[in-house]
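The values are calculated or read from the model by the stated rules, or taken from the named source; none is laboratory data. A quick note: this is a predicted structure, and the numbers were derived from the prediction, not measured. Glycine also receives a Cβ, built like all others from the backbone with ideal geometry; neighbour counts cover every protein chain displayed. Please note that ligands, DNA and RNA were not included when accessible areas were found on the heavy atoms of the full protein model with its side chains. Shrake-Rupley method; radii C 1.70, N 1.55, O 1.52, S 1.80 Å.
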Amino acid sequence: MVFEVVSCIKCSEMAGLPLIRRSETETERHGMQFDPPVYIQRYRTVRDILEKEKIVKVIDFGCAEGKFLRYIKKIETLEEIAAVDSQYSCLMDTRQIAAPIAWDFLFKRKRPLCIKLYEGSISDCDIRVAGFDAVTCIELLEHLSDPELDRVPYTVFGYIQPRVAIFTTPNKDFNCLFPELKGFRHWDHKFEWDRIEFRTWCLNVIKQFSNYTVDIFGIGEPPSESASLGCCSQLAVFRQILVNNHINWNDLKPDKETPYILITEYIYPHEESLTEA
């Protein structure tokens, strides 16, 4: 069992920022400003981890409007992305980002890429994503009910069993730096964890699933005089110690094999397509 706490990550890239929705800047509306915004720092940090790990298949739980897809669909090693959200309306917005654009046909990828949008919940297991290399859950945990939250460790580490799993969640310790904030950072949050609570959750996961280690980081640095509060957002990276290539997922079959509803899928053009044709 390995546990390590790593200092805050600070991102300074500023090129090519996408449009910002109010929901993504909820914390910053309460008085604290970040440059670049914390959600962009989160996306870039998670993308960089996936790129470094040479991930081939990733499932993004709680994909919302799909903005994270902008950051990862250009990763050269990726061949399949499953974007999952429980809200059908969000997935309708995600389609615009997931679909190939003219640029993708002019400058083809070297490797194939398929993006699938599913309506579903992280509390359910689906055979179509079992064995994916990576799982990402960006600012999702705090939106889950207690029964859903209790199912997360098994779904991710017991059933999907990815090489890498990445979770981010707000740091409640940081909330005192938002003078206008009353209650939680977002109306739909069921809870918010301080650093000890998040660390405890992570340690409980690797205690239950001992084939994983975890590193915890911070994203969104506080002012120097408030360094004791930690960063605005917390990030945990779980890595598999020994990769099991001989799992029979039928033995782990959930009550319903394919509970997720496939909304649509997009096949990106790639250089090999000409040879295959």
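For the reader, a short list of remarks on this structure follows.
- Amide H within-cut-off set for Cys63, under 5 Å, with H built and near neighbours excluded: Val84, Asp85
- Sequence-ordered 3J(HN,Hα) estimates for segment 47-55 from the Karplus curve with 6.51, -1.76 and 1.60 and θ = phi - 60° stand at 4, 5, 5, 4, 5, 5, 7, 6, 5 Hz, glycine and proline given as x.
- For segment 58-174, average projected area of the Cα convex hull in nm²: 8.1
- Using a cut-off of 24 Å between Cα atoms, the listed pairs Lys67/Lys116; Lys73/Lys207; Lys67/Lys108; Lys52/Lys73 include Lys73/Lys207 as exceeding that distance.
- Both the radius of gyration and Dmax for segment 140-201 are 13.4, 42 Å, in that order, over alpha-carbon atoms.
- In a DSSP loop and with at most 11 other Cβ atoms within 10 Å, the GluC sites (Glu not before Pro) in segment 161-244 are Glu180.
- Neighbour net charge for Glu80 - beta-carbon separation under 13 angstrom, K R +1, D E -1: +2
- Summary of packing: across the peptides 216-223, 81-88, the per-residue average of other C-beta atoms within 10 Å ranks them, highest first, as 81-88, 216-223.
- Note that segment 26-89 carries a Kirkwood radius of 13.0 Å, evaluated over its alpha carbons pair by pair.
- Solvent-accessible heavy-atom area per residue, rounded to whole Å², over segment 134-220 at 1.4 Å: 40
- Listed values for segment 111-121 are Karplus-derived 3J(HN,Hα) couplings in whole Hz (6.51 cos²θ - 1.76 cosθ + 1.60, θ = phi - 60°), namely 10, x, 8, 10, 10, 10, 9, 10, 8, x, 10, and x replaces Gly and Pro.
- For segment 133-156 versus segment 163-183, the spacing of their alpha-carbon centroids is 16 Å.
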